[in-house]
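The values are calculated or read from the model by the stated rules, or taken from the named source; none is laboratory data. Since the model is a prediction, treat every value here as computed from it, not as a measurement. FYI the Cβ positions are ideal-geometry reconstructions off the backbone, even for glycines, and counts take in every protein chain you see.
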Amino acid sequence: MNTGSLLSLVRADLQAFAGYSSARSSALVGDVWLNANESAWANPADAAGGARRYPDPQPAALRDRLAELYGCSSEQLLIGRGSDEAIDLLVRALCEPGRDAVVTTPPVFGMYAVCARLQNAPLIEVPLVDQGDALVADIDAVIAAALGGNTKLVFLCSPSNPAGSVIPLAEIERVAIALQGRALVVVDEAYGEYAEQPSATTLLSRYENIAVLRTLSKAHALAAARIGSLIADAALIQVLRRCQAPYPVPAPCAELALAGLGAESLAITTQRIAKIKAERTRLQSGLVALPGVVRVYPSQGNYLLARFADAQGAFDALLAAGVVVRDQRAAPQLGDALRITIGSPDQNDRVLAALMARRAAA
């Protein structure tokens, strides 16, 4: 698949779309900036005065650092307000309303379906398959569904939220090969730091119809900064940039993210990821041993999906102990399930203690 074929996936009316050219996107040089209608004075609460200027739409230092972190070129990376913005951009840029479909694998992150609905893009759902020991994507069914519909986007969440399962890179390759020239395969790796396999970014040099979503919200503990990345073919990144809001990355968020990706911060993050993986194993073992826990799925994310004989009772017991978990019972196939984020050792002990106390009192 060449770049021309890839860009043919973009909506015809947007392929030559110039977008909005902001004052900060020009290469002009000067020391008196009067081209953006900004205030000549700082806000009284902003002593340094940095906030009076519009930020760089794609902060170069942060973009370079993220590209280094994810193993791609800066030209292949788009920074957005979390992964959510990238998902929305992809759906809006590729899917003509009422015609071009989006494939998802429920139960899964709900924003794929929300963005499809907002764009009036037909949604094709290929449910995960419960194999007893794991909820996994049915890749043959995904390919068949995508080929059978007018599909432009296939979202593959790996590790899957909330199931915790990963999609082997060979399976992602199969989807990309089957859909060359027809659809973009988007691999959401929001929890990739916790997984035991390499990133799908390693496939980009061979498959231009693969894109990868990453975020600093999870392993890097910067959820409030809203820094997400889309990694894809450079030509597609250029198109999406033209469709993006003029100033998507607030300067304080970019500065915090850049500091959070420094060598010292990354060393601490690496240690914490290892601790979360160890706690994930410990919490799973503890949950499995509890009466009333029907099944705990293995996970490569920072969470566990558990089925309960009485999910409402378990949810209430945890809440009474001050522990808030994610109720998954409204999701397809998960009418008895809760998703529990892996916390600190003390927090995980509280989960086990609350559930044990409930069983003792029953």
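Just one of the numbered conditions (1) outside the structural domain of Ala86 (by TED's automatic domain parsing); (2) closer than 24 Å to Ala331 by Cα; (3) of a type outside the set (Phe, Trp, Tyr) is not true of Val185: (1).
Just one residue in the set Leu222, Leu203, Leu169, Leu216 is surrounded by fewer than 22 Cβ atoms within 10 Å (Cβ to Cβ), within 20 Å of Leu258 (Cβ to Cβ) and in the same structural domain as Ala141 (by TED's automatic domain parsing); that residue is Leu222.
Only one residue in Ala45, Ala27 is modelled with pLDDT of 95 or more, in a loop (DSSP other than H, G, I, E, B) and more than 30 Å from Gly181 (Cα to Cα), so which one is that?
Working: Ala27 fails: modelled with pLDDT of 95 or more.
Going through Ala45, Ala27 in turn, just one is modelled with pLDDT of 95 or more, in a loop (DSSP other than H, G, I, E, B) and more than 30 Å from Gly181 (Cα to Cα): Ala45.
Assess whether Glu171 counts as being within 23 Å of Pro298 (Cβ to Cβ) and in contact with a Lys or Arg (Cβ under 7 Å, 6 or more places away or on another chain). Spelling it out, it is not the case that Glu171 is within 23 Å of Pro298 (Cβ to Cβ) and in contact with a Lys or Arg (Cβ under 7 Å, 6 or more places away or on another chain).
Please verify whether region 6-13 includes one or more residues that are surrounded by fewer than 17 Cβ atoms within 10 Å (Cβ to Cβ) and in contact with a helix residue (DSSP H, G or I) (Cβ under 9 Å, 6 or more places away or on another chain). Give the steps one after another, and end with the answer.
We begin by selecting, within region 6-13, every residue surrounded by fewer than 17 Cβ atoms within 10 Å (Cβ to Cβ); these are 7-8, 12-13.
Filter once more, keeping what is in contact with a helix residue (DSSP H, G or I) (Cβ under 9 Å, 6 or more places away or on another chain): 7.
Checking region 6-13: at least one residue is surrounded by fewer than 17 Cβ atoms within 10 Å (Cβ to Cβ) and in contact with a helix residue (DSSP H, G or I) (Cβ under 9 Å, 6 or more places away or on another chain).
For Gly4, the criteria (1) modelled with pLDDT under 95; (2) within 30 Å of Ile124 (Cβ to Cβ); (3) part of a loop (DSSP other than H, G, I, E, B) hold in every case but one, which is (3).
Do you know which residues across region 94-108 are crowded, with 21+ Cβ neighbours inside 10 Å and either within 21 Å of Gly301 (Cα to Cα) or more than 18 Å from the chain's Cα centre (by Cα) (or both)?
Within region 94-108, the first condition is being crowded, with 21+ Cβ neighbours inside 10 Å, and the residues that meet it are 94-95, 100, 102-105, 107-108.
Of everything in region 94-108, those that are crowded, with 21+ Cβ neighbours inside 10 Å and either within 21 Å of Gly301 (Cα to Cα) or more than 18 Å from the chain's Cα centre (by Cα) (or both) turn out to be Leu94, Cys95, Asp100, Thr104, Thr105, Pro107, Val108.
Reported count of residues in region 247-257, each being in contact (Cβ under 8 Å) with a residue 60 or more places away in the chain and over 30 Å from Leu6 (Cβ atoms), is 3. Restricting region 31-53 to residues that are closer than 13 Å to Ala251 by Cβ and small (Gly, Ala, Ser) leaves a set whose member that is surrounded by the most Cβ atoms within 10 Å (Cβ to Cβ) is Ala51.
Could you check, for region 80-95, whether at least one of its residues is in contact with a Lys or Arg (Cβ under 7 Å, 6 or more places away or on another chain), assigned to a loop (DSSP other than H, G, I, E, B) and either farther than 14 Å from Leu230 by Cβ or of a type in the set (A, V, I, L, M) (or both)?
Step one: list which residues in region 80-95 are in contact with a Lys or Arg (Cβ under 7 Å, 6 or more places away or on another chain), which gives 81-82, 93-95.
Narrowing the set further to residues that are assigned to a loop (DSSP other than H, G, I, E, B) leaves 95.
Okay, now just the ones that are also either farther than 14 Å from Leu230 by Cβ or of a type in the set (A, V, I, L, M) (or both), so 95.
Scanning region 80-95, I find at least one residue that is in contact with a Lys or Arg (Cβ under 7 Å, 6 or more places away or on another chain), assigned to a loop (DSSP other than H, G, I, E, B) and either farther than 14 Å from Leu230 by Cβ or of a type in the set (A, V, I, L, M) (or both), so the answer is yes.
Taking region 210-242 as the range and being more than 10 Å from the chain's Cα centre (by Cα) and of a type in the set (Lys, Arg) as the test, the residues that pass are Arg226, Arg241, Arg242. Checked against (1) among the acidic types (Asp, Glu); (2) in a loop (DSSP other than H, G, I, E, B); (3) without any contact (Cβ under 8 Å) to a residue 60 or more places away in the chain; (4) surrounded by 13 or more Cβ atoms within 10 Å (Cβ to Cβ), Asp64 meets all criteria but (2). Exactly one residue among Ala121, Ala113, Ala176, Ala146 is more than 21 Å from Leu7 (Cα to Cα) and among the small types (Gly, Ala, Ser), and that residue is Ala113.
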